[in-house]
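Can you keep this structure in mind? I'll have questions shortly.
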Amino acid sequence: VHLAESGGGLVQPGGSLTLSCAVSRSLFEMNVMGWYRQAPGKQRELVAGLTHDNGPNYADSVKGRFTISRDNAKNTVYLQMNNLNPEDTAVYYCQTRPYRTSVDYWGQGTPVTVSS
């Protein structure tokens, strides 16, 4: 499974960005999809997750500001990020796990910088 993120960049505090993750296989084959981020000097953390059977879940720090969604026809997962603040600065990674496996697949990451 190949994942390709896009949409990162430089944005001012209070601004918005939408990240995209193009998946090389059908999203119906994926049991778990998620967005993670890793800030300099910090561990990678889950930002938003989406499973086939359950609704989305979010880190407390992004609840009410970020939204994860999927477009099955385009095999793409999105992360809409609103009201960004400097603490959201990180490299954002897309992750998926197909059904009947315990293997996680990752994209190469897309950097997001929130600064004035």
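The values are calculated or read from the model by the stated rules, or taken from the named source; none is laboratory data. Model, not experiment: these values are computed from the prediction. Here the Cβ positions follow ideal geometry from the backbone for every residue, glycine too, while neighbour counts run over all protein chains shown. Calculation scope for accessible area: heavy atoms of the full protein, side chains included, ligands and nucleic acids excluded. Shrake-Rupley method; radii C 1.70, N 1.55, O 1.52, S 1.80 Å.
Given the structure, is Leu84 in a strand (DSSP E or B) and surrounded by 12 or more Cβ atoms within 10 Å (Cβ to Cβ)?
Spelling it out, it is not the case that Leu84 is in a strand (DSSP E or B) and surrounded by 12 or more Cβ atoms within 10 Å (Cβ to Cβ).
Let me ask something else about it. Of all residues being touching a helix residue (DSSP H, G or I) at 6+ places or on another chain (Cβ under 9 Å) and among the small types (Gly, Ala, Ser) in the stretch 74-116, which is nearest to Glu5 (Cα to Cα)? Just the residue, please.
For the stretch 74-116, the residue satisfying everything is Ser115.
Per-residue answers, yes or no, for (1) open to solvent by 50 Å² or more (accessible area, probe 1.4 Å); (2) touching an Asp or Glu at 6+ places or on another chain (Cβ under 8 Å):
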| position | (1), (2) |
| --- | --- |
| Gly15 | no, no |
| Val23 | no, no |
| Phe28 | yes, no |
| Gln38 | yes, yes |
| Gly49 | no, no |
| Thr110 | no, yes |
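So, one more: Scan the stretch 60-81 for residues that are surrounded by 13 or more Cβ atoms within 10 Å (Cβ to Cβ) and either touching a residue at least 60 places away in the same chain (Cβ under 8 Å) or over 19 Å from Gly14 (Cα atoms) (or both) and jot them down.
Ser69, Arg70, Asn75, Thr76, Val77, Tyr78, Leu79, Gln80, Met81
Give the number of residues within the stretch 88-98 that are over 19 Å from Ser69 (Cα atoms) and either open to solvent by 60 Å² or more (accessible area, probe 1.4 Å) or part of a loop (DSSP other than H, G, I, E, B) (or both).
Selection size over the stretch 88-98: 1.
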